[in-house]
Amino acid sequence: MTISQPTTTERSGRQAAARRELVLRAAVHRRLVDPEDALLAAFVDLDGMAASVAALHRAFPDSVDVLHTFAAKANCLIPVLERLRGLGMGCEVASPGEFAQALAAGFDAARIVLDSPAKTRRELVQALDLGVAVNIDNWQELERIDEILRTRETRETRETRATRSRLGIRVNPQVGGGTIGAMSTATATSKFGITLADEGSAEQLLAAFRERPWLTWIHAHVGSQGCPLDLMGEGVAAAVAFAEKVNSELGRRQVVGIDIGGGLPVNFAGDDTDPTFETYVDRLRAHAPALFSGDFQVVTEFGRSLLAKNGFTAAYVEYTKTSGGRHIAVTHAGAQVATRTVFMPDAWPIRITAHHPSGAAKDGDLVPQDVAGPCCFAGDLVAKARPLPLLAPGDLVALLDTGAYYATNHFQYNSLPEPAVHGYTVDADGGVHFELLRRAQTIAELVSAGR
Ligand SMILES: *Cc1c(COP(=O)(O)O)cnc(C)c1O
């Protein structure tokens, strides 16, 4: 007789589920979720986040000079950014708001990277004043930087560098897209970067580097979620090859660094972290060995892969009903906190768990149910025909893997307020400690914001 042992996946899945249940029960107990006052709340696992950051740092060899920045758009809460800074991360920002949040979170300018697609002149001047790294997206932006630097050079002595910022070009390696079109940034016609493969483009870029000794970085971000690792590796390899070409054609080591972007996909189907940072670094070694030669400094910009699996969102079931044979649970989590899942359900499916009002996991026969949100449109569903123990009013649902790009990227619809976000840690005795990362927006604030 053989006794089947649980696989590592099963064991880690059970542990993760038990931890979430413990946290949800504690949250109910402390009324961080409450059927009157906190119908919806999001949670970030601060221990998990620290472990993910540590795994990222471990994955790159010590021989490479690497600055890991966190892509602020994935979770822009200042207390989260502050924690990440404490864990040794820099910060990648892509709008004036994120830029201000990164500064408020205390990041040194030298550890911030500005990647906004539509950088205003004011944003660029601020970055160059502070010494924030800038990845230039297009030819017009490059001209704008030229102008800003010219006006400074007339003010400053010849010896003074006009800016301490690391200045680079975002290239589009045009290696193709992944499974989600909207997330694929290295297609032939992507809106991002300066193309490498278009007729004459690489030559024009080379000339731009020749004329501008201060252009010293190359940036490539191939996509976010849905991109196979080999596609990402090919994109990085094309960026590295172009950097080497610039240096050999110019006969000097002008390009000193490669910013490889982020985009490591996340497994939304289970609790395993798959792929890992380690696996990605292995693929990068295979595609772009020169990245690890020590000849280049490296910057990374991961977002989703650091936070997504370290968060969940809890919401009450307000009503249940059947309609045309469909079981529907009407909950308080919909498009306002799960925007992509609601509007692109095939690209962004998430796992959902069912819980009693106490937070304890529900068991029982699985019944296909639609899990609906509170928004006034028919498509506001976070799951369709999902087999779950039959939900009842007053139960809770948990939306898993929502630590990045969910509750912290709120969508204003039906004047639904932003829910609170709580961080948590669990001590060795199973004690759960909460820390408020963002308080819930009040209805009074919603009303006053419009005046
Ligand atoms: C969105 C974005 C990232 C982060 O992507 P993730 O998929 O969250 O890792 C990094 N760099 C740039 C330029 C981005 O636009």
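In this structure, is residue 235 in contact (Cβ under 8 Å) with a residue 60 or more places away in the chain, on the phi > 0 side of the Ramachandran plot, within 14 Å of the ligand (Cβ to nearest atom) and outside the structural domain of residue 403 (by TED's automatic domain parsing)? Steps first, please.
Working: in contact (Cβ under 8 Å) with a residue 60 or more places away in the chain: yes; on the phi > 0 side of the Ramachandran plot: no; within 14 Å of the ligand (Cβ to nearest atom): yes; outside the structural domain of residue 403 (by TED's automatic domain parsing): yes.
So residue 235 does not fit the description; no.
Among the residues of segment 367-398, count how many are touching a Gly at 6+ places or on another chain (Cβ under 7 Å), within 18 Å of residue 33 (Cβ to Cβ) and assigned to a loop (DSSP other than H, G, I, E, B).
2
For residue 294, which of the numbered conditions (1) at positive phi; (2) within 15 Å of the ligand (Cβ to nearest atom) fails to hold?
Every listed condition holds for residue 294 apart from (2).
Can you tell me which residue is modelled with the highest pLDDT among those in segment 181-238 that are assigned to a strand (DSSP E or B) and over 29 Å from residue 163 (Cα atoms)?
The qualifying residue modelled with the highest pLDDT is 223.
Would you check which residues across segment 112-145 are in contact with a Lys or Arg (Cβ under 8 Å, 6 or more places away or on another chain), outside any loop (DSSP other than H, G, I, E, B) and charged (D, E, K, R) and list them?
Hits for segment 112-145 are 121, 141, 144.
Test residue 33 against the criterion of being within 16 Å of the ligand (Cβ to nearest atom) and at pLDDT 95 or above, and give yes or no. Give the derivation first.
Numbers: within 16 Å of the ligand (Cβ to nearest atom): no; at pLDDT 95 or above: yes.
In short, no.
State whether the residues of segment 289-307 include one that is crowded, with 20+ Cβ neighbours inside 10 Å, of a type outside the set (S, T, N, Q) and over 22 Å from residue 111 (Cα atoms). Walk me through how you get there before you give the answer.
Kept after step one, since they are crowded, with 20+ Cβ neighbours inside 10 Å, are these residues of segment 289-307: 291, 296, 299-307.
Keeping just the survivors that are of a type outside the set (S, T, N, Q) gives 291, 296, 299, 301-304, 306-307.
Those left that are additionally over 22 Å from residue 111 (Cα atoms): none.
Within segment 289-307, not a single residue is crowded, with 20+ Cβ neighbours inside 10 Å, of a type outside the set (S, T, N, Q) and over 22 Å from residue 111 (Cα atoms).
When you scan segment 86-104, how many residues do you find that are out of contact with any strand residue (DSSP E or B) (no Cβ under 7 Å at 6 or more places or on another chain) and either surrounded by 22 or more Cβ atoms within 10 Å (Cβ to Cβ) or not polar (S, T, N, Q) (or both)? Walk me through it before giving the result.
Step one: list which residues in segment 86-104 are out of contact with any strand residue (DSSP E or B) (no Cβ under 7 Å at 6 or more places or on another chain), which gives 86-88, 94-98, 100-101, 103-104.
In the following step, the residues that additionally are either surrounded by 22 or more Cβ atoms within 10 Å (Cβ to Cβ) or not polar (S, T, N, Q) (or both) were identified as 86-88, 94, 96-98, 100, 103-104.
Final tally of qualifying residues: 10.
Starting from residues that are crowded, with 19+ Cβ neighbours inside 10 Å and within 16 Å of the ligand (Cβ to nearest atom), keep the ones in segment 390-423 and report whichever is nearest to residue 267 (Cα to Cα).
Across segment 390-423, the extreme among qualifying residues is 401.
Within segment 207-223, can you find the residues that are farther than 14 Å from residue 138 by Cα and either in contact with a Lys or Arg (Cβ under 8 Å, 6 or more places away or on another chain) or away from the ligand (no atom under 16 Å from the Cβ) (or both)? Spell out how you get there, then give the answer.
So the first thing to find is which residues in segment 207-223 are farther than 14 Å from residue 138 by Cα, and the list is 207, 210-214, 216-217, 221-223.
207, 210, 211, 212, 213, 214, 216, 217, 221 - these are the residues of segment 207-223 that are farther than 14 Å from residue 138 by Cα and either in contact with a Lys or Arg (Cβ under 8 Å, 6 or more places away or on another chain) or away from the ligand (no atom under 16 Å from the Cβ) (or both).
Taking the criterion of being in a helix (DSSP H, G or I) and within 16 Å of the ligand (Cβ to nearest atom), would at least one residue in segment 239-252 satisfy it? Steps first, answer last, please.
Residues of segment 239-252 in a helix (DSSP H, G or I): 239-250.
In the following step, the residues that additionally are within 16 Å of the ligand (Cβ to nearest atom) were identified as 239.
Checking segment 239-252: at least one residue is in a helix (DSSP H, G or I) and within 16 Å of the ligand (Cβ to nearest atom).
The values are calculated or read from the model by the stated rules, or taken from the named source; none is laboratory data. Since this is a predicted model, take the numbers as computed values, not measurements. A quick note on method: Cβ atoms are made from the backbone with ideal geometry, for glycine too, and the neighbour counts reach across all protein chains shown.
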